[in-house]
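A quick write-up on the structure given underneath.
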Amino acid sequence: MLIKTIGVPVPIPGDLIILTAAVRVAQGKLVGWQVFLAILVALLLGGSIQFVLARGPGRGLLSRFGRYVGLTPPRIDGAAQKIRKGGVPGLAISILVPGVRGGAIGASGLADLPPRRFLLGLTLGSLLFLSERAAGSRLRPLGHGCWSAKSSTHRIRGLADRAEQCGRS
């Protein structure tokens, strides 16, 4: 999971890795809280490494070769601006969206988001991401197969706002 979170293209979905670990917990072969903690550490460490790479050497590589894969300066600037505008709550919410996590982390590095704010958003988003997966069958779709993303969004925004207020005082 760590290698995948750093940004190395591993052809195994992260949810499959988590599901496999959950099966091992259910079989009694692994301890649930230890698996949760190990995956959380991998998500935070991998995300932090990707952030540092995006702020440093990744920036030069992207400006030199990004245009060949559709990552033009206006697209990169647009993603960075969205991350700056969303702040901690926006980053935390983007961590929950499959396929957006890596892009949001890279955009945070390119946007020169302060490391403290980045780590706060990454931690909140990763905790919620894992908590929702750990809840498994307790998180049932509402009504016609629609997940309650609104409640998750409100929880993240409230936590992030409180954390930012504590950081200012």
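The values are calculated or read from the model by the stated rules, or taken from the named source; none is laboratory data. Note that this is a predicted model, so its numbers are computed, not measured. All Cβ positions, glycine included, derive from the backbone under ideal geometry; neighbour counts span all protein chains shown.
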**Item:** Among the candidates L62, L53, L40, residue that is modelled with pLDDT of 90 or more, buried (at least 16 other Cβ atoms within 10 Å of the Cβ) and over 15 Å from L130 (Cα atoms)
**Value:** L53
**Scope segment 84-102; condition more than 9 Å from the chain's Cα centre (by Cα) and at pLDDT 85 or above; matching residues** = R84, K85, G86, G87, V88, P89, G90
**Complete:** With criteria (1) over 30 Å from A134 (Cβ atoms); (2) outside any helix (DSSP H, G or I); (3) not charged (D, E, K, R), P9 comes up short on (1)
**Prompt:** Within segment 101-126, how many residues turn out to be more than 19 Å from P74 (Cα to Cα) and of a type in the set (S, T, N, Q)?
**Reply:** 2
**Asked** Do the conditions hold for L37, that is, is it touching a residue at least 12 places away in the same chain (Cβ under 8 Å), of a type in the set (A, V, I, L, M, F, W, C) and closer than 22 Å to L119 by Cβ?
**Response** no
**Asked** Could you say whether any residue in segment 3-12 is modelled with pLDDT of 90 or more and surrounded by 13 or more Cβ atoms within 10 Å (Cβ to Cβ)?
**Response** no
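From the list L113, L130, which one is among the hydrophobic types (A, V, I, L, M, F, W, C), at pLDDT 85 or above, under 25 Å from P9 (Cβ atoms) and outside any helix (DSSP H, G or I)? Reasoning before the result, please.
Values: L130 fails: outside any helix (DSSP H, G or I).
Just one listed residue meets the conditions, L113.
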**Item:** Residue list for segment 45-55, restricted to those being under 17 Å from I83 (Cβ atoms) and among the small types (G, A, S)
**Value:** G47, S48, A54
**Prompt:** Which members of segment 65-102 meet the condition of being surrounded by 13 or more Cβ atoms within 10 Å (Cβ to Cβ), more than 20 Å from I18 (Cβ to Cβ) and in contact (Cβ under 8 Å) with a residue 12 or more places away in the chain?
**Reply:** I76, A79, A80, K82, I83, R84, G87, V88, P89, G90, L91
